[in-house]
Amino acid sequence: MSQRREGDARTIGGDVRRFLLLALVLVSAQASLTYLATPANAYTLGHANRSFYVYQPMPLAALQAQACAVKTGSQSTRSAGQYVILQFGAARAANTGVTAASTAEQGATGYRKVNGSSAFMSYQEMANIAVNFLEDWLTCGGNYDRVPKLHLIIGVSNDIPNGVSRANGQALQEIIQRLDFIGTLIDQTVFVEGGFDFEVGYAPYSQTLAEAQGFSDAAQTGDIYNYYGNNGCASSTSLPAYTATQPCGPTGGGYTTEGIYTLAYGLRAAYPLPQVYNQSNLTQWTKIQQYSYTAHGLYMTFIASLSENDGCENGTYDSTCAGRFSPDDTWSRLSSAVAGDPYIDGETDIGPLPYVAAGGVI
Amino acid sequence: MKLKNKVFITTALGLLLATAGTGLALTSLASSNGDKNQLLNAREAARDLATAQAPARDANEIRKLLDSYKYPIPEYSPPPWTTGLFEGVDAPVHGLKVTNAWQGVLSGVKVTAYAGVDSEDLKTGRIVIISIDAPHELATLVEGYAVDPEALGALRFLSSDQPILRVARADGATFTFDLSTRTLTRS
């Protein structure tokens with residue numbers, strides 16, 4: 001970690017103008033703290049942003065096309081941020097027993113095929129894909145034009161039992177901080193964040209919590225991770241409010257209302273970007289937010305809403321596709337249903353990264 | 001000391017102090033009870049300001065800078081293609097908890113079929129077929145799927161007699177799955 005910081009410092013020292021610009025932004029940020037007295041308002045909704053399940057190796061042209069579509073689409077006229085999740089596979093180590101927070105030995109399955117299974121992809125490889133996306137997004141159309149801020153979220157899941165760990169979360173945090181630094185250094189409109197597709201049907205709560213704690217504990221002030229899995233809690237509107245120990249998800253998973261709250265919002269760096277694919281998801285997240293207020297005295301704030309319209313249109317195999325919400329529906333229904341000052345800066349819709357045959361391979 | 005250096009050092013020192021002030025303010029917010037939402041608002045407000053002040057950058061300059069931050073990683077070489085049943089695998093798809101997989105060639109296309117259960121409804125058995133991109137043998141596309149309407153548990157492939165796969169469900173029931181038509185039939 002210290003070596004990386006020293007290297008970054010040398011880069012800054014080599015470009016005084018860049019450093020001054022970065023510092024000026026921080027000065028402005030300090031001045032803006034008066035903004036705290038004013039509640040945040042949800043922005044006017046534009047068109048859906050896109051998020052992608054990333055397949056690797058992916059022809060470079062596919063990524064370039066999507067990055068440009070995100071940047072130049074009509075949604076770029078919005079004042080809100082653009083949220084793009086690059087969703088990789090299950091968090092795990094290269095070899096069983098790797099506990100060090102190494103960005104080369106920790107990573108995810110990466111949706112890369114090897115004889116029936118997805119192969120390991122290190123966080124360093126994933127970082128390179130993210131850098132490619134940033135490059136394509138920033139340079140799309142030739143010369144750079146100012147556009148709304150981009151939240152690029154690098155996401156992994158808890159898909160493999162016994163495959164997630166605290167060390168993996170720490171390694172992801174290190175990569176995120178590096179990418180966010182690079183993004184801010186090069187262009188102050190780009191921000192990189194971590195993301196977790198924590199599904200209650202996958203790894204048990206104890207291991208999932210270890211992954212999340214590894215990421216959150218290593219976070220600096222202001223760093224966040226976005227939780228967008230299925231929380232699995234009771235989805236009937238007629239049932240009473242959630243209690244802390246009420247089970248969520250399958251028997252034996254160990255998830256409870258309080259556990260979901262902890263993963264989604266209780267940990268220092270955690271904020272939900274809820275998967276609101278249908279009415280059941282909407283009820284679940286609304287009731288979790290109510291629980292956060294009654295049990296912890298604070299309404300949970302949502303970063304953005306997540307829909308899966310494209311995923312259902314291009315590769316339907318998910319039970320949540322039945323009765324699914326459109327991206328606009330997802331945002332508007334969540335905004336209307338939740339209490340307090342929910343924030344909900346934007347929306348994003350996830351699906352497979354379209355494959356094209358032309359171009360080089362990342 | 002040259003004037004230029006003095007100006008730089010003075011400016012840098014001032015900016016560092018300002019940065020530290022910002023950090024302290026945010027840290028103070030983060031540590032005080034109930035300010036988590038305000039911390040998020042402050043961060044986004046700062047980012048909005050940064051966005052508004054962002055200068056134009058040349059595309060070539062951006063590429064050069066970003067390339068310098070890429071990790072040197074050796075080119076990936078996939079292992080040889082093999083066919084048959086595979087245990088202990090995971091699928092490159094969302095929403096499926098995999099039991100096992102079958103891999104082979106179907107009408108000239110390399111495919112992998114995964115048997116398992118819906119990850120959000122652990123009673124509904126599912127089969128998902130993925131095609132393998134020929135040039136790279138890595139990129140994947142969902143080709144088709146099948147759902148067990150009885151929803152009585154996870155599915156598992158037992159054996160293959162292409163294009164038919166024998167399938168067992170968690171409750172002991174057996175089926176055949178036709179890879180060509182993607183149909184699941186009780187046997």
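The values are calculated or read from the model by the stated rules, or taken from the named source; none is laboratory data. This structure is a prediction, so every number in the text was calculated from the model and none was measured. Heads up, the Cβs are rebuilt from the backbone with ideal geometry, glycines too, and the neighbour counts pull from every protein chain shown.
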What are the residues in the stretch A:160-185 that are in a helix (DSSP H, G or I) and either among the polar types (S, T, N, Q) or touching a Pro at 6+ places or on another chain (Cβ under 8 Å) (or both), if any?
A:Asn168, A:Gln170, A:Gln173, A:Gln177, A:Thr184
Checking B:Asn60 against (1) part of a helix (DSSP H, G or I); (2) at pLDDT below 50; (3) surrounded by fewer than 17 Cβ atoms within 10 Å (Cβ to Cβ), the condition it does not meet
(2)
Inside the stretch A:321-343, can you point out the residues that are surrounded by fewer than 22 Cβ atoms within 10 Å (Cβ to Cβ), within 14 Å of another protein chain (Cβ to nearest Cβ) and not in a loop (DSSP other than H, G, I, E, B)?
A:Cys321
Please state which one of A:Val200, A:Val276 is among the β-branched types (Val, Ile, Thr), buried (at least 19 other Cβ atoms within 10 Å of the Cβ) and in contact with a Gly (Cβ under 7 Å, 6 or more places away or on another chain).
A:Val200
Out of the stretch A:259-282, which residues are touching a Cys at 6+ places or on another chain (Cβ under 8 Å) and not β-branched (Val, Ile, Thr)?
A:Gly259, A:Tyr277
Would you confirm, using the coordinates I've provided, whether A:Leu267 is under 16 Å from the mean Cα position of the chain (by Cα) and in contact (Cβ under 8 Å) with a residue 40 or more places away in the chain?
yes
Taking the condition of being at pLDDT 70 or above and either touching a helix residue (DSSP H, G or I) at 6+ places or on another chain (Cβ under 6 Å) or within 22 Å of A:Leu86 (Cβ to Cβ) (or both), how many residues in the stretch A:327-359 meet it?
14
Those residues of the stretch B:106-157 which are touching a helix residue (DSSP H, G or I) at 6+ places or on another chain (Cβ under 8 Å) and either at pLDDT 85 or above or assigned to a strand (DSSP E or B) (or both), in sequence order:
B:Asp118, B:Thr124
Being touching a Phe, Trp or Tyr at 6+ places or on another chain (Cβ under 7 Å) and not in a loop (DSSP other than H, G, I, E, B) is the filter here; which residues of the stretch A:217-243 pass it?
A:Tyr225, A:Asn226, A:Tyr227
Selected residue [in a loop (DSSP other than H, G, I, E, B) and either modelled with pLDDT of 85 or more or in contact with a strand residue (DSSP E or B) (Cβ under 7 Å, 6 or more places away or on another chain) (or both)] from B:Pro79, B:Pro55:
B:Pro79
Residues that are in a helix (DSSP H, G or I), modelled with pLDDT of 70 or more and facing chain A (nearest Cβ under 7 Å): does the stretch B:12-29 have at least one?
no
Do you know which residues across the stretch A:197-242 are among the acidic types (Asp, Glu) and either over 24 Å from A:Ser305 (Cβ atoms) or touching a His at 6+ places or on another chain (Cβ under 8 Å) (or both)?
A:Asp197, A:Asp217
Quick one: is A:Arg178 touching a helix residue (DSSP H, G or I) at 6+ places or on another chain (Cβ under 9 Å) and under 27 Å from B:Asn41 (Cα atoms)?
yes
Do you know which of the residues in the stretch A:250-270 that are within 27 Å of A:Ala219 (Cα to Cα) and of a type in the set (Ser, Thr, Tyr) is nearest to the other protein chains (Cβ to nearest Cβ)?
A:Tyr265
Enumerate the pairs (first residue in the stretch A:158-180 and closer than 13 Å to A:Gly89 by Cα; second residue anywhere and assigned to a loop (DSSP other than H, G, I, E, B) and of a type in the set (Val, Ile, Thr)) with beta-carbon separation below 8 Å, excluding pairs fewer than 6 apart on the same chain, so at least 6 apart or on different chains.
A:Asn158/A:Val164
Could you tell me whether A:Leu273 is under 20 Å from A:Ile153 (Cα atoms), touching a helix residue (DSSP H, G or I) at 6+ places or on another chain (Cβ under 8 Å) and more than 10 Å from every other protein chain (Cβ to nearest Cβ)?
no
When B:Ala42 is run through (1) among the small types (Gly, Ala, Ser); (2) at pLDDT 80 or above; (3) over 23 Å from A:Ala270 (Cβ atoms), the failure sits at (3)
Meets criteria (more than 30 Å from B:Ala59 (Cβ to Cβ), charged (D, E, K, R), in a helix (DSSP H, G or I) and in contact with a strand residue (DSSP E or B) (Cβ under 9 Å, 6 or more places away or on another chain)) for A:Glu199:
no
Restricting the stretch A:285-306 to residues that are surrounded by 22 or more Cβ atoms within 10 Å (Cβ to Cβ) and within 11 Å of chain B (Cβ to nearest Cβ), the residue that is farthest from A:Ser335 (Cα to Cα)
A:Ser292
